[in-house]
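A short write-up of the structure that comes next.
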Amino acid sequence: MAEKSAASAGLTDEQIHELVQKSHQAKQRAYAPYSNFRVGAALHTEDGTIFTGCNVENSSYSLACCAERTAIFKAVSEGYKSFRAIAIAGDVESEFLAPCGSCRQVMREFGTDWTVYLTKPDLSYRTMTVGELLPCSFGPDDLNKPKVKGQ
Ligand code: THU
């Protein structure tokens with residue numbers, strides 16, 4: 001069922017299955033009348049609390065918010081910043097749904113060493129880390145590195 005390539009986030013197969021299922025349930029709440037491309041996400045925090053999210057589009061198209069960011073922002077706004085894994089769900093049958101670049105950067109804000117489950121509607125998944133999805137990335141620590149003076 002799983003095509004494994006990275007750490008399992010310390011989750012059991014059952015926990016992974018639950019997370020993947022929840023991401024597909026969250027997809028049913030997608031507000032995507034413009035793209036008709038539904039996406040859901042389910043985020044497993046360090047203590048096991050799960051936050052879900054869906055994409056939320058807008059008639060002013062550029063204001064759309066992706067499912068992954070909805071889930072992450074919900075979690076952060078509730079006081080959670082340590083994440084073990086996120087599952088991402090769409091309706092594409094033939095390929096595992098990959099997160100967009102903006103969402104990869106938002107994930108990366110909270111570390112490179114946690115897990116992303118890219119799923120298909122049949123609930124199969126591919127496992128990757130945030131660091132694998134966004135190599136050589138910019139993050140919070142970069143802001144504190146020594147800078148040249150006098151320019
Ligand atoms: N979308 C997501 O929710 N997550 C992604 O990682 C890729 C794209 C949404 C944004 C938009 O509502 C629709 O999919 C089409 O791009």
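No value in this document is a laboratory result; all are computed from the given coordinates. Because the structure is a prediction, the values reported are computed rather than measured. Cβ: placed from backbone, ideal geometry, glycine included. Neighbour counts: every protein chain shown.
Key figures for this structure:
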item	result
Estimated distance in nm for a label pair at Leu63 and Ser77, the labels positioned 7 Å out from Cα along Cα-to-Cβ	1.4 nm
Cα lying deepest toward the dipole's positive end in the stretch 1-95, options Ser77, Thr52, Ser35, charges on Cβ	Ser77
Principal axis dimensions, the stretch 1-92 - Cα atoms, whole angstrom, descending	40, 33, 20
Most mobile listed residue (Val130, Val76, Val56) in the chain, GNM with C-alpha springs under 10 Å	Val76
The chain, dipole about Cα centre (Lys/Arg Cβ +1, Asp/Glu Cβ -1), debye to the nearest 20	520 debye
Residues in the stretch 110-139 reached by a label modelled at Asp13 [backbone nitrogen below 19 Å; 7 Å Cα→Cβ]	117-120, 122-128
Per-selection Kirkwood Rh - the stretch 29-151 (Cα, Å, 1 d.p.)	15.3 Å
Sparse-neighbourhood loop sites, GluC sites (Glu not before Pro) in the stretch 1-90 - DSSP loop, at most 14 other Cβ within 10 angstrom	Glu46, Glu78
Footprinting exposure proxy for Thr127, Thr119 (fewest neighbouring C-beta atoms within 10 Å first)	Thr127, Thr119
For the stretch 43-114, average projected area of the Cα convex hull in nm²	5.4 nm²
Neighbour count of at most 14 Cβ within 10 Å plus DSSP loop: longest chymotrypsin sites (Phe, Trp or Tyr not before Pro)-free window in the chain	38-137
Net lengthening on full extension, Val148/Thr112 (0.36 nm per residue, minus Cα-Cα)	10.3 nm
